[in-house]
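Report on the structure given below.
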Amino acid sequence: MTTSFEQFVQEMKDFLEPDKVYIMDGSQEEANRLAAQAEKEVVDGRNVLTKLNGAQYPYSYWHRSNPNDVARTEHLTFVCTPSEEEAGPNNNWMNPDEAKNKMNSLMKGCMKGRTMYVIPFVMGTPQSKYAKNCVEVTDSVYVALSMRIMARTGKQALERIGSSSDFFRGIHSIGDVNPDRRFIMHFPQENLVMSFGSGYGGNALLGKKCYSLRIASYLGKQEGWLAEHMIVIGVQSPDGKITYFVAAFPSACGKTNLALLEPVFPGYKVWTLGDDIAWLNVGEDGQLYAINPEAGFFGVAPGTGENTNPVMMQTLKNDKFFPTLFTNTAVDNANNTPWWEGATSDVPQDLTDWQGQKYDASSGKPAAHPNSRFTVSAYNCPTLSPEYDNPKGVPISGIIFGGRRAVTIPLVYECKDWNSGVFMASIIGSETTAAAGGTQGVVRRDPMAMLPFCGYNMGQYFQHWLDMGKKIKKLPKVFMVNWFRKDENGKFMWPGFRDNSRIIKWMIDRIEEKTGAVESPIGLLPQDNAINLDGLNISKETVDKLLSVNKEDWKKEIALIEEFYSKFGDEIPKDLRAHLDSLKEKIES
Ligand code: GTP
Ligand code: SPV
Ligand code: MN
């Protein structure tokens, strides 16, 4: 694209035909004004925002979306590369011309009677050479306000864009919220996304999954870096040393909770840098560095409470940057505060459910939607790392991959080297969750937790991971985790949440070569008593079960991996096939 910011705005005005155009400046005054306006505005039959109790949750608002629009819709998400092979079997593909025609006919004049919000934004701290310039146009004031929390918007972005034509373009309209007319189309070659018919986070806040993962992963392949579905944390040990990790788990599998972890050990502290997306670059010193391109958290509400995630509860009650939005939660009418399952141990008497109805606890249904979310600024997080805005990012010593698995996968193991780490990450399976539409609880392969987010052929993506390893001087250690293994009665065997700090501590001990490890067919397991379980009521038998590698289970797993790999044919790197053969041999011996 060769058009400047001004030309792009004019083009969009001519194409979408809004009544009004509003260019966001990113100021606090603007946020207050737009929030007040959204309280009065009715879209799709509902008030866009409802004010909540500011004394308990400062500057907080409740948003309800259409019940047909509560999660990402992967079957309506397309990567439109010139050839189908380029998008790969991991993506839905449409020919770019066909996709453009489809979107043009849906979107021509679609903003008549509406305001077009123009959101200039930067993904990454504007001082960083790794940051990227973007512009989204949308007719949803909810999207505009959300983007203001999730990215660096307004003046700072306009200044960085200047007269350049090199910026991502996102074109969004909530349309008529009809799933039959809902599409999220990515054009990686044009640095462009067109999205119609949904107001939901990952479908509509185009800086998030659409740009910072799908388009950015494509750019990363061209430019020699990685865009990943990862959190970034610094773990401080009692001696003051900080060890930086990135961690990738599929949607709704524990990233945000790990990112704001309060360790159970005195003297340890987690510094938060990111809860969903990381961009990984090799720095001038040859080390791997991570930045978080985002500026806020779009987190899963259910399960977030004082016991599980006290730091997030504090974050939601801070008022440095506002507003904070609650989407599809319930409301406790006694005090007009947001509520969700797990927010408090008992269910309040008088709740309005996520659809705006009086809640009937005997219905057996949850009051908050399982994928209800909060949108809150990272600057409200009390554990935000002082390095958060460091333009260089932070140097990574450990990479953690995981999934949600009731069986087969141990609580933790370490991969022998970078390439085995890439292999193990490429074969991750995880049970599907409420973060995306469709059936839940079905195991599917989700390599690097990137299956729904890799903007090109995943076979080539695996090769890119292997190539990155060759460029990094001091390779991070790679670990695999599973917080979700269950016993015969279907109960989680591992307490999870804050107790996950016990596993992180073991990883630091491994990085610092303070503890040995035990060989297994899949990688290195903790030695007996190497995981500190002080103060935890868990039997040795359960720990052994959590760490067990069952060959019969792994035989079934290998069959699923082979089926997944076969979809990619020759695109699967030879090195990964060799790793699979060797794993098979060890499991069958
Ligand atoms: P996305 O924002 O969709 O990418 O999700 P996420 O990976 O950030 O997941 P999040 O931390 O929000 O957790 C998702 C769900 O898993 C929530 O309901 C949590 O309560 C639950 N959860 C998180 N960590 C653990 C854990 O260690 N053990 C158990 N049993 N549940 C967990
Ligand atoms: C996810 O689904 O992984 C999320 C929420 O983080 S969304 O932004 O909708 O993708
Ligand atoms: Mn996510």
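The values are calculated or read from the model by the stated rules, or taken from the named source; none is laboratory data. Model, not experiment: these values are computed from the prediction. With ideal geometry, Cβ positions are generated from the backbone for all residues, glycine too; neighbour counts draw on all protein chains shown. Only protein heavy atoms, including side chains, enter the accessible area calculation; ligands, DNA and RNA are left aside. Shrake-Rupley method; radii C 1.70, N 1.55, O 1.52, S 1.80 Å.
Pop a pseudo-label 7 angstrom from the Cα along the beta-carbon direction at both Lys51 and Lys471 and give the gap in nm to one decimal.
It works out to 5.0 nm between the two label points.
Can you pull the one-decimal nm distance between simple spin-label points at Asp19 and Glu190, each 7 Å off the Cα toward Cβ?
Computed distance between label sites Asp19 and Glu190 equals 2.9 nm.
How much FRET efficiency would the formula 1/(1 + (r/R0)^6) give for Lys555 and Asn489, where r is the Cβ-Cβ distance and R0 is 22 Å, rounded to 0.05?
0.35
Roughly what would the spin-label model give for Asp180 and Glu306, points 7 Å off Cα along C-beta, in nm?
In this crude spin-label approximation the distance works out to 5.0 nm.
What percent do you get for the relative contact order of the stretch 27-116 when only Cα pairs under 8 Å and 6+ apart count?
13 percent
May I ask which residue of Thr344, Val300, Ala367 lies farthest towards the positive end of the charge dipole of the stretch 299-377, with charges of +1 (Lys, Arg) and -1 (Asp, Glu) on Cβ and the Cα centre as origin?
Val300
For Met1 and Ala406, what is the calculated FRET efficiency with R₀ set at 45 Å and r taken between the beta-carbons, to the nearest 0.05?
The formula returns an efficiency of 0.45 here.
Taking a ≥ b ≥ c as the square roots of the Cα gyration tensor eigenvalues, with a/c under 1.5 meaning rounded and otherwise prolate when a/b beats b/c, else oblate, which class fits the stretch 334-375?
rounded
On a 1.4 Å probe surface of the protein chains, which of Glu387, Glu414 comes out largest in accessible area, and what is the full order?
Highest to lowest solvent-accessible surface, that is Glu387, Glu414.
What number does the stretch 299-377 give for Rg over Rh if you use C-alpha atoms and the Kirkwood radius?
Rg divided by Rh gives 0.95.
Please work out whether the stretch 98-138 counts as rounded, prolate or oblate from its C-alpha gyration tensor, where a ≥ b ≥ c are the square roots of the eigenvalues and a/c under 1.5 means rounded, while otherwise a/b larger than b/c means prolate and anything else oblate?
Taking the square roots of the gyration eigenvalues as a ≥ b ≥ c, the stretch 98-138 is oblate.
Can you compute the radius of gyration and Dmax for the chain, using only the Cα atoms, both in Å?
Rg, Dmax (Cα atoms, Å): 23.2, 70.
Hey, if we sort Leu475, Leu260 by accessible area with the 1.4 Å probe, largest down, what's the order?
Sorted by accessible area, descending: Leu475, Leu260.
What are the semi-axes of the equivalent ellipsoid for the stretch 411-531, taken as the square roots of 5 times the Cα gyration tensor eigenvalues, largest first, in whole Å?
25, 24, 11
Rounded, prolate or oblate, given the Cα gyration tensor of the stretch 37-194, with a/c below 1.5 counting as rounded?
Oblate shape, in that a/c is at least 1.5 and b/c is the bigger or equal ratio.
Efficiency by 1/(1 + (r/R0)^6): what FRET value for Gln357 and Glu11, r their Cβ-Cβ distance, R0 = 56 Å, to the nearest 0.05?
Given R0 = 56 Å and the Cβ-Cβ separation, E is 0.85.
Antiparallel DSSP bridges in the stretch 202-361: what percent, to the nearest 5?
For the stretch 202-361, the DSSP antiparallel bridge percentage is about 100.
Give me the tail of P(r) for the stretch 215-365 as a percent: Cα-Cα pairs with distance above 20 Å.
Considering the stretch 215-365, 59 percent of its Cα-Cα pairs are separated by more than 20 Å.
Can you tell me the length gained on complete extension of the stretch Gln28 to Arg444, counting 0.36 nm per residue apart and subtracting the Cα distance?
145.5 nm
What number results when the radius of gyration of the stretch 253-299, computed over Cα atoms, is divided by 2.2 N^0.38 Å?
The reported ratio for this selection is 1.37.
Hey, if we sort Phe265, Phe492 by accessible area with the 1.4 Å probe, largest down, what's the order?
Sorted by accessible area, descending: Phe492, Phe265.
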